[in-house]
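Okay, so here's the structure we're looking at.
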Amino acid sequence: MNEPERTMLLSVHPRFATAILAGAKTVEVRRQRVAAPPGTPVLLYATAPTKAIVGMARIASVQVATPREVWSASSTRAGISRREYDTYMEGAAQASGLTLEAPVAFETPVPLTALRAGGAFHPPQSYRYLRPDDLQRMSAAAPPTDTPFYTALESMAL
């Protein structure tokens, strides 16, 4: 196996996961600095009530700036209202806008119960980077008929 590039596991509310996978939301905002290079694969974990990995995308770019600057650059692509954004960013000194591209919805989401059946698995509060053994466990948990999931994992050097 080649040395895999880092893969990000990103927790998002189900409505945002749906919008990202549909291509309607192309920027995901975070309260902290995100240092991920363009091309980083991102697995999308939809939080409750879905509680499953539902698809993937790739990072096209990351803007780290003040919350005001991130909103100014991404407001039409962030998929949230100004009020929601301001509430989320309240008290934050910096923000990150992750521009996502090439979204792929998995035919069958990989549920949290299946992910935990293969060992300890904890979805992140915001995001985390996955190790190769994390990806292997996810591969074992995925339904064997889900071609997009396996294609995604292969593209991550598994």
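Determine the sum of side-chain charges near Pro123: Lys and Arg each +1, Asp and Glu each -1, restricted to other residues whose C-beta is under 12 angstrom from that of Pro123. Intermediate results must be reported in sequence, preceding the final value.
Working: positive: Lys51, Arg116, Arg128; negative: Asp134.
After counting each charged neighbour, the total is +2.
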Glu107, Glu84, Glu69, ranked by accessible area, largest first (probe 1.4 Å): Glu107, Glu69, Glu84
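Using a probe radius of 1.4 Å on heavy atoms only, what accessible surface per residue do you get for the chain? Whole Å² is fine. Write out the running numbers ahead of the final one.
On the way: 7800 Å² over 158 residues.
I get 49 Å² per residue for this part.
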Solvent-accessible area of Phe16 with every protein chain in place, 1.4 Å probe, in Å² to the nearest 10: 30 Å²
The chain, relative contact order [Cα under 8 Å, separation at least 6], %: 32 percent
Accessible surface of the chain, 1.4 Å probe, proportion on carbon and sulfur as whole %: 54 percent
Considering only region 1-66, percent of DSSP beta bridges that pair antiparallel, nearest 5: 55 percent
Gap separating the Cα centres of region 122-138 and region 41-100, nearest whole Å: 19 Å
Heavy atoms of Tyr129 accessible to a 1.4 Å probe, total area in Å² rounded to 10: 60 Å²
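Summing Lys, Arg as +1 and Asp, Glu as -1, what charge do residues with Cβ under 13 Å from the Cβ of Lys25 carry, Lys25 excluded? Numbers along the way, then the final one.
Details: positive: Arg15, Arg77; negative: Glu28, Glu84, Glu101.
Here the charged neighbours net out to -1.
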Förster-model FRET efficiency, 25 Å R0, Ser81 and Gln32, C-beta, rounded to 0.05: 0.70
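I'd like the FRET efficiency for Ser72 and Ser126, computed as 1/(1 + (r/R0)^6) with the beta carbon distance as r and R0 of 22 Å, rounded to 0.05. List each step's numbers first, then the result.
Details: r = 22 Å, r/R0 = 1.01.
Plugging the Cβ-Cβ distance into 1/(1 + (r/R0)^6) gives 0.50.
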Stretch gain in nm, segment Thr113-Arg15, where the contour uses 0.36 nm per residue and the Cα spacing is subtracted: 33.2 nm
Percent antiparallel among DSSP beta bridges (both partners in the chain, rounded to 5): 85 percent
Residue-averaged [θ]222 nm for the chain, counting only DSSP H segments that reach four residues, each worth -39500 (n - 2.57): -8500 deg cm²/dmol
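The values are calculated or read from the model by the stated rules, or taken from the named source; none is laboratory data. All figures in this text were calculated on a predicted structure; none of them were measured in a lab. Using ideal geometry, Cβ is built from the backbone for each residue, glycine included, and neighbour counts are taken over all protein chains shown. Heads up: the accessible areas ignore ligands, DNA and RNA and are worked out on the full protein's heavy atoms, side chains in. Shrake-Rupley method; radii C 1.70, N 1.55, O 1.52, S 1.80 Å.
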